[in-house]
Structure formats: structure tokens, C-alpha cells
1. Check ASN25, ASN29 and return the single one that is within 14 Å of GLY89 (Cα to Cα) and within 16 Å of ligand 2 (Cβ to nearest atom).
2. Out of curiosity, is SER60 within 16 Å of ligand 2 (Cβ to nearest atom), hydroxyl-bearing (Ser, Thr, Tyr), loosely packed, with under 14 Cβ neighbours inside 10 Å and without any contact (Cβ under 8 Å) to a residue 24 or more places away in the chain?
3. Looking at GLY42, is it modelled with pLDDT under 95, assigned to a loop (DSSP other than H, G, I, E, B), assigned by TED's automatic domain parsing to the domain that holds SER105 and more than 14 Å from the chain's Cα centre (by Cα)?
Amino acid sequence: MTDTTPPATPGEAPDLLSSSDTGGNDIDNITTIDTPAFQGSGVEPNALVRLLATPVKGGSGPAVVGKDTVTSEGDYEVVSAALRDGTYGFAVRLEDLAGNVSQPSPTLAVTTPRRSGSACWPAAARTGWTSPSTTRSAPSCPCTADRQPASTSPRETS
Ligand SMILES: [Ca+2]
Ligand SMILES: [Ca+2]
């Protein structure tokens, strides 16, 4: 007998491990880890689980970013490959031993901010770097060395 029945669609989105949910709050799904780990339970035992990531904006997807094997109890844990900074919708998809693939689970949105950049822009803003000239706009990434605002006070243009 050939197994032609795909695993049941996972009913819940993968859960970001609290150990992967860094950044001061371990339940907000905003992390400084660019290889976050996810877990889930109650899915088909011994199936292959694939982690899918879809960029929320500016990209195509979903892409398979990790895979692992579901335990005999129906639990899984899967780690994402390194991702560019951004917000992604993560979902899992199961494949049974015969190669039948389930529909993707619901998605969980996780944001991976730039490690230095997330603290960078507010720090630059606190310097009071406010030019009277409206044509002079702040650089989009003040962390970039060659664009670092001068430590001197802003010049008056009058
Ligand atoms: Ca099956
Ligand atoms: Ca967090």
C-alpha cells in the first residue's frame, strides 16, 4: 500500500522559542538572533518539518529556511538559517515518509532588527542633530562610518 495521504495541516503557527526571542522581551517575537529557533507540537509524528519564511515586504517567498524531524511524540524544533534583517512570516510544512506534503501552517511574524542599527538611530536622534535647513535630511543609516554626523553642534545657516 502506498501512502498517499498528506499529514494534517499543522493547526498552529510555529512558536518562537523564548531562548530565541532576545532583546529584553522574550515573548514579543522581536529578536536580535538572526537564526531563530521554533517549536511546535501535535503534528504528525516522525514527519519531516520544513520551516518556511516569507518576507513581509520587499521580497519573494516563501523560502525553506530550515528543516528537522518531528519526534515520535509529534513535537518538533527547527532552526532557521541566517536571515537578513527584517520581518518574516514563519510557517511550517510537513512531509511524511512517503513524500506527501501538508498545507503550510498559520504564520508567525518575527522581526530580526539589525543588532547595531536598532540602537543606532535613536542614539543619533538624541544628539539633537536638527538642522534648521529642511533640505538637509538625516542619513538613513547614521551608523555608517562615513556618514556619522559630526560631533560638533549643528551650524546655523543664517
Ligand atoms: Ca501520510
Ligand atoms: Ca524579544
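The values are calculated or read from the model by the stated rules, or taken from the named source; none is laboratory data. Source: prediction; values computed, not measured. Backbone-built Cβ (ideal geometry, glycine too); neighbour counts: all protein chains shown.
1. Working: ASN25 fails: within 14 Å of GLY89 (Cα to Cα).
From the options ASN25, ASN29, the qualifying one is ASN29.
2. Numbers: within 16 Å of ligand 2 (Cβ to nearest atom): no; hydroxyl-bearing (Ser, Thr, Tyr): yes; loosely packed, with under 14 Cβ neighbours inside 10 Å: yes; without any contact (Cβ under 8 Å) to a residue 24 or more places away in the chain: yes.
No, not satisfied.
3. Details: modelled with pLDDT under 95: no; assigned to a loop (DSSP other than H, G, I, E, B): yes; assigned by TED's automatic domain parsing to the domain that holds SER105: yes; more than 14 Å from the chain's Cα centre (by Cα): yes.
Judged against the criteria, GLY42 is not a match.
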